[in-house]
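Derivation of every value follows stated rules applied to the coordinates shown; laboratory data play no part. Note that the structure is predicted; figures quoted are calculated from it, not measured. So basically every Cβ, Gly included, is an ideal-geometry build from the backbone, and we count neighbours across all protein chains shown.
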Amino acid sequence: MKYTYTCKKVPLNDSIKAYAEKRISKLAKYLRNEDAPVSVTFSVQKNHLCTVEITIQDGATILRAQTEAPDGDMRGAVDAAVRYIERQILKNKTRLSKRMRTENIPAPAPADDFTVKEEKEFEIIRTKRFSVKPMSPEEAILQMNLLNHDFFVFRDSENESLSIVYQRKNGGYGLIVANDAN
């Protein structure tokens with residue numbers, strides 16, 4: 001695995017890097033590409049809340065977890081993120097078996113700290129259709145806030161691309177722009 005570290009408002013020492021690599025490397029048994037890029041972001045907020053975000057890209061499959069731990073406990077946040085990714089792999093093992101190493105996704109065994117029940121199907125409860133109107137991202141954010149939604153789909157008036165604005169957990173807004181797949 002190839003690691004990339006990003007630190008926001010926190011200095012990072014080598015022991016935390018080594019600990020993160022040791023814990024994340026346990027997920028390598030599920031991946032096809034042993035040199036999969038791994039991005040690890042560490043940040044600390046004003047109230048000493050540590051946030052660790054781990055993103056692993058294994059071909060077309062992207063695994064991501066963002067966890068928080070109080071009182072500067074970076075190791076605890078890394079552990080929680082790795083457990084979260086492992087739970088997601090086990091929960092979706094049937095669907096992921098085509099994309100990842102099938103032989104290395106074990107049947108969920110009873111564990112002390114978490115239990116995983118595999119989802120057999122994704123049940124779509126409701127389908128909603130609506131027209132996607134051209135507007136600017138700022139207009140879309142305003143519309144999203146007026147509707148009291150967490151996200152809003154719109155067509156960007158500048159480049160006609162399908163886009164989504166969303167409210168981020170840590171404040172602010174995000175913009176997702178769909179590109180044509182070639």
Open item on the list: I need to check one value: relative contact order of region 134-177, counting alpha carbon pairs closer than 8 Å and at least 6 residues apart, in percent.
Closed with: 32 percent
Task: Alpha-carbon centroid distance for the pair region 1-38 / region 41-58, whole angstrom - done: 12 Å
TODO: Any chance you could count the Lys pairs in region 2-104 whose alpha carbons are under 17 Å apart, treating pairs 8 or more apart or on different chains as valid?
DONE: 13
Open item on the list: How big is the dipole moment of region 2-104 about its Cα centre under a simple scheme where the beta carbon of each Lys and Arg is +1, that of each Asp and Glu is -1, and everything else is neutral? Debye, nearest 20, please.
Closed with: 420 debye
Task: Fraction of the pair-distance distribution of region 2-104 above 21 Å, Cα-Cα pairs, percent - done: 32 percent
TODO: Scan region 25-87 for trypsin sites (Lys or Arg not before Pro) in coil per DSSP, keeping those whose Cβ has at most 15 other Cβ atoms within 10 Å, and list them by number.
DONE: ARG32, LYS46
Open item on the list: Could you tell me which residue out of SER43, ALA18, TYR84 lies farthest along the dipole of region 2-104 toward its positive end? Charges go on the beta carbon: Lys and Arg +1, Asp and Glu -1, centred on the Cα centre.
Closed with: TYR84
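Loop only by DSSP, 16 or fewer other Cβ within 10 Å of the Cβ. Give me the GluC sites (Glu not before Pro) in region 1-64 that pass, ordered by residue number. Please report the intermediate quantities before stating the final value.
On the way: sites: GLU21, GLU34, GLU53; in loops: GLU34.
Filter output for region 1-64: GLU34.
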